[in-house]
1. At a 10 Å Cβ-Cβ cut-off, how would you order 295, 90, 131, fewest neighbours first?
2. So how do 51-58, 92-99, 103-110, 221-228 stack up, highest first, on mean other-Cβ count within 10 Å?
3. Give the label of the value calculated from the structure for Rg/Rh (Cα atoms, Kirkwood Rh), choosing from [x] 0.98; [y] 1.50; [z] 0.96.
4. Only residues of region 110-141 count here: report those whose backbone N is under 19 Å from the spot 7 Å along Cα→Cβ of residue 93, or say none.
5. Calculate the FRET efficiency for residue 78 and residue 38 from the Cβ-Cβ distance with a Förster distance of 60 Å, rounded to the nearest 0.05.
6. At 222 nm, what helix-only mean residue ellipticity would the chain give, in deg cm²/dmol to the nearest 500, using -39500 (n - 2.57) for each DSSP H run of four or more?
7. Calculate the FRET efficiency for residue 381 and residue 206 from the Cβ-Cβ distance with a Förster distance of 41 Å, rounded to the nearest 0.05.
8. Given R₀ = 35 Å, FRET efficiency for residue 189-residue 111 by Cβ-Cβ distance, to 0.05?
């Protein structure tokens with residue numbers, strides 16, 4: 001026990017968060033894999049739709065999280081207190097509005113995505129306000145670099161969703177989509193642990209100064225724009241395949257997407273560490289490019305390894321993870337992994353620029369995100385074509401991000417030498 005305590009003392013908060021994030025990503029992966037094996041391709045299509053909606057929600061929630069992270073670094077004292085109350089109010093109002101919209105159009109969503117019922121959307125909508133409050137909590141922990149608490153909120157959300165969902169599926173004779181939505185909704189409650197909501201005063205008279213409020217709104221607006229492009233790029237393919245293809249093909253594609261996106265989920269861990277580090281270094285007048293290069297090197301190496309593995313043994317991977325029912329999409333696995341890897345690397349650049357208040361990459365990502373949607377709408381004769389047009393869009397996006405970086409950094413070569 002003494003030796004264990006000594007080891008823990010040597011672990012930095014950042015290392016603790018990285019270890020926790022690996023567990024969370026592993027748990028989320030296990031959640032999806034078990035759903036795929038338990039439900040089969042056709043029923044898994046509905047489950048994958050809910051998981052995709054959860055990812056969409058996470059990108060929207062990231063707007064609140066990143067804004068809170070940024071201003072937790074920049075603001076202090078009364079300014080921080082006023083901002084904290086304001087951002088919680090914004091998150092709650094937006095969450096209620098979004099939930100009401102999904103509730104109102106739940107039956108239309110059932111028709112659009114060919115699901116078995118609309119109640120899964122109703123249940124999902126009820127939990128949305130909690131998710132945005134949880135996102136602000138995470139931004140507070142991230143900005144203050146309280147990585148132990150940040151890790152805790154991800155752990156409580158993941159484990160509650162995993163355990164409750166399969167308990168429901170095992171014991172309750174109800175349509176799976178409803179039970180999965182119920183598990184997701186309840187996990188948002190657990191995701192509020194830990195939190196300090198008692199210190200929040202939604203109707204406090206303490207307000208941000210005009211210039212500060214303007215700065216907040218500009219950042220939120222631009223971040224919303226970027227996160228919207230993230231939603232389009234990362235999730236439009238699954239949603240469009242669910243619309244254009246039959247349930248079996250949609251389920252097969254969902255399994256492909258889940259395996260191929262592993263590199264993106266790992267890249268997300270580095271983004272959580274990248275942003276507050278870059279913001280603090282900029283605030284202190286220190287060079288920021290070496291931090292970017294370090295994370296691009298990590299993600300690039302990991303991406304290459306994953307793509308190579310998917311190329312060499314696709315049938316083995318799909319058979320082990322989902323079963324032989326899904327093996328027909330194995331030839332596309334390495335291609336999807338390549339598309340996701342290109343996106344993950346360009347994403348590191350984009351969040352780096354966002355940390356430095358350089359917003360041109362938001363426009364670049366938006367253009368490429370819309371082009372990806374249009375390409376899939378125009379070319380969807382087969383799942384292979386859907387994957388290949390995404391590779392094309394992501395190659396263009398990464399090249400554009402690299403050119404922008406070179407253009408914006410006149411000291412590019414000097415900073416490389418300093419690594």
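Computed from the coordinates by the stated procedures, all read-outs in this text should not be read as laboratory data. Since we're looking at a predicted model, the values are computed, not measured. Positions of Cβ are backbone-derived with ideal geometry, glycine not excepted, and every protein chain shown enters the neighbour counts.
1. The most exposed by this proxy come first: 90, 295, 131.
2. Going from most to least packed, we get 51-58, 221-228, 92-99, 103-110.
3. Here Rg/Rh (Cα atoms, Kirkwood Rh) agrees with entry [z].
4. The answer is 128-137, whose backbone nitrogens lie closer than 19 Å to the label point.
5. Efficiency at R0 = 60 Å is approximately 0.70.
6. My calculation for the chain gives -29000 deg cm²/dmol from helical runs alone.
7. With R0 = 41 Å, the Cβ-Cβ based efficiency is 0.10.
8. E between residue 189 and residue 111, to the nearest 0.05, is 0.70.
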